[in-house]
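The values are calculated or read from the model by the stated rules, or taken from the named source; none is laboratory data. Quick caveat, the model's predicted, so the values are computed rather than measured. All Cβ positions, glycine included, derive from the backbone under ideal geometry; neighbour counts span all protein chains shown. What goes into the accessible areas is simple: the full protein's heavy atoms, side chains included, and nothing from ligands, DNA or RNA. Shrake-Rupley method; radii C 1.70, N 1.55, O 1.52, S 1.80 Å.
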Amino acid sequence: MTNSRLTLISHPLCPFVQRVAIVLREKHIPFEQVQIDLNDKPDWFVAMSPAGKVPLLKVERDAAPAVVLFESMAICEYLEEAYPYHPIHPADPLARARHRAWIEFSSAMLMDAWGYLNAVEKTVAATKAADLRKKLERFETVLSDEPYFAGAAFSMVDAVTAPVFRYFDILGDDVPHDIFGGLSRVAWWRHALAERSSVRDAVMADYGARFRTHLRDHATLLASG
Ligand SMILES: N[C@@H](CCC(=O)N[C@@H](CS)C(=O)NCC(=O)O)C(=O)O
């Protein structure tokens, strides 16, 4: 299993790609990364991707035909099972199920964040900011005083949530809504994820500039100040 050749088909801005890139790095799994233009999808990509979306993980094992996985969580779960060293899911089934539920919750939070960041109308921005804040408040109630979701150990919930926090780390004071204020455990968690090398290295060096360009190109409220 571990001598598979892995290729992660990506887009530089995709948060779902980041999840997989973080898990690969946490497990020290070698892989190649191929970036594609989602505005001009190559034919080979369209043929490979049932939903026309990144990430894809191409898995090549010896002489066997390549297998292409899609859907970020299916890929992350595959990596956790196929590369069981450096586990990032809890061993206990009950704890694991709980983590999976929080991953769903975090995925919904990503959608709120994306809606907020891309809002072009003030009412939408206000609604999305409130939705996002509500979910962060809920996280605040289950986090401990230790840095990560599960305490001292980095887990899949962390890998899925880190891309959400990264947006706000880039924008800093340019965010007019008070989304994070007073949530001390969330703040500590956000800081710990920003410092984690697997998280830092999961995006290209110019990610911040690309993200700001995206906001400008879509004439979002945040880009216009
Ligand atoms: N549920 C999918 C979502 C992936 C997704 O939405 N990818 C976006 C980029 S972040 C995409 O490829 N969009 C291209 C399109 O919809 O045409 C996953 O978790 O992998």
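Okay, here's what the table says:
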{"read-out": "Residue match in segment 91-102 (condition: among the aromatic types (Phe, Trp, Tyr), crowded, with 18+ Cβ neighbours inside 10 Å, within 12 Å of the ligand (Cβ to nearest atom) and under 26 Å from SER197 (Cα atoms))", "value": "no"}
{"read-out": "Test: residue in segment 35-44 that is assigned to a helix (DSSP H, G or I), at pLDDT 95 or above and not assigned by TED's automatic domain parsing to the domain that holds LEU215", "value": "yes"}
{"read-out": "Identity of the residue in segment 44-63, more than 15 Å from TYR78 (Cβ to Cβ) and away from the ligand (no atom under 16 Å from the Cβ), that ends up least open to solvent (accessible area, probe 1.4 Å)", "value": "ALA63"}
{"read-out": "Of all residues in segment 3-34 being among the charged types (D, E, K, R) and in a strand (DSSP E or B), the one that is farthest from the ligand (Cβ to nearest atom)", "value": "ARG5"}
{"read-out": "Given (1) more than 14 Å from the ligand (Cβ to nearest atom); (2) hydroxyl-bearing (Ser, Thr, Tyr); (3) open to solvent by 20 Å² or more (accessible area, probe 1.4 Å), number of the condition TYR116 does not satisfy", "value": "(3)"}
{"read-out": "Cβ pairs under 6 Å, 6+ apart, first in segment 97-113 and at pLDDT 95 or above, second of a type in the set (D, E, K, R) and open to solvent by 30 Å² or more (accessible area, probe 1.4 Å)", "value": "MET109/LYS135; ASP112/LYS128; ASP112/ASP131"}
{"read-out": "Residue within segment 3-24 that is open to solvent by 70 Å² or more (accessible area, probe 1.4 Å), under 18 Å from the mean Cα position of the chain (by Cα) and not acidic (Asp, Glu) present", "value": "no"}
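A quick yes/no check of all residues on (1) under 17 Å from the mean Cα position of the chain (by Cα); (2) aromatic (Phe, Trp, Tyr):
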{"position": "TRP188", "(1), (2)": "no, yes"}
{"position": "HIS191", "(1), (2)": "yes, no"}
{"position": "SER197", "(1), (2)": "yes, no"}
{"position": "ALA205", "(1), (2)": "yes, no"}
{"position": "ARG212", "(1), (2)": "no, no"}
{"position": "ARG216", "(1), (2)": "no, no"}
{"position": "LEU222", "(1), (2)": "no, no"}
